[in-house]
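Asker: The following block contains the structure, expressed as structure tokens.
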Amino acid sequence: MISIIIPTLNEETVIEKILKSLRESRDNYEIIVSDGCSRDKTAEISRKYANKVVVYGGTKRQTIGKGRNDGAAVASGEYLVFLDADVSIKEPDVFFEKALRVFERNKGLVAITAYIRVLPEFETLSDKIIWWCINSSYIFFNNIIRTGGASGEFQMIKAEAFKKVGGFNEILIGGEDHELFRRLARVGKTHFEKSLTIYHTGRRGHKLGWPKFVGVLVLASLPIFIKRYFLKEWKEIR
């Protein structure tokens, strides 16, 4: 089984699209929404489609790493797929059949990621350039120097490897997705699969502007390398 885990926070405007697409597919995916105590109808909408909806009950704001870990804690699949709420997958059954074949062909593989693109109806020239750079870096990290790296829009991980490394770092405000792949690369092989593409809205880059967003990404990722924290909060962009 594939367990698909989607962390959410006030995602009522986008969450139904991906959940409905997954639920209408032929394969029987386990769909888990891990909600960070949304103030809108995210949890209510999710319950119409998801097998499990986990709602955070803590007093401090949940980090996205904590949200993903909470979803993984109730998952029963052999493979854990982490998606963002605003992603879109064309033909999910075909997509995941290809993904599973990648694992079957590579017995030492523990995790894969894929091309990430902004949806064609929203994509700008800046989006194409920035995501070409990001995707190229992940090809380099995973397929060439083998140190691992990935964005949270799509990560597919063997459940046993995820448990072995202890899941996501819940302290990190950002960069927890890339940091997890770095640790996974130490227990097995990570891979960038060029035949797969995930689409998303590109909303953060569009609303903040790419120069500012790139700066935020850099600050969020620095603790991975120097163990010093620069961001207090990953701001909500809706």
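Asker: On the basis of being modelled with pLDDT of 95 or more, part of a helix (DSSP H, G or I) and within 17 Å of the chain's Cα centre (by Cα), does GLY77 make the cut?
Answerer: So GLY77 does not fit the description; no.
Asker: Pick from ALA85, ALA73: which is out of contact with any strand residue (DSSP E or B) (no Cβ under 6 Å at 6 or more places or on another chain), aliphatic (A, V, I, L, M) and under 22 Å from ILE5 (Cβ atoms)?
Answerer: ALA73
Asker: Next up: Where the second residue is aliphatic (A, V, I, L, M) and modelled with pLDDT of 95 or more and the first is more than 11 Å from TYR199 (Cβ to Cβ) and assigned to a loop (DSSP other than H, G, I, E, B) and lies in segment 82-95, which pairs have Cβ atoms under 6 Å and are six or more apart or on separate chains?
Answerer: If the second residue must be aliphatic (A, V, I, L, M) and modelled with pLDDT of 95 or more, the pairs left are ALA85/ILE6; ALA85/VAL14; ALA85/ILE15.
Asker: List the number of the failed condition for ALA114; all other conditions in (1) in contact with a Leu (Cβ under 6 Å, 6 or more places away or on another chain); (2) at pLDDT below 95 hold.
Answerer: All conditions are met except number (2).
Asker: When segment 1-42 is examined, which residues are found to be outside any strand (DSSP E or B), of a type in the set (A, V, I, L, M) and closer than 17 Å to THR63 by Cα?
Answerer: LEU9
Asker: Quick one: in segment 103-156, of everything that is touching a strand residue (DSSP E or B) at 6+ places or on another chain (Cβ under 7 Å), of a type in the set (A, V, I, L, M) and in a loop (DSSP other than H, G, I, E, B), which residue is farthest from GLY202 (Cα to Cα)?
Answerer: The extreme case among them is ALA150.
Asker: Does segment 164-171 contain at least one residue that is at pLDDT 95 or above and within 21 Å of ASP127 (Cα to Cα)?
Answerer: no
Asker: Would you check which residues across segment 72-113 are surrounded by 18 or more Cβ atoms within 10 Å (Cβ to Cβ) and at positive phi and list them?
Answerer: Across segment 72-113, there are no qualifying residues.
The values are calculated or read from the model by the stated rules, or taken from the named source; none is laboratory data. Predicted model, so just to flag it, every value in this text is computed and none were measured. As a convention, Cβ positions derive from the backbone with ideal geometry for all residues, glycine included, and neighbour counts pool all protein chains shown.
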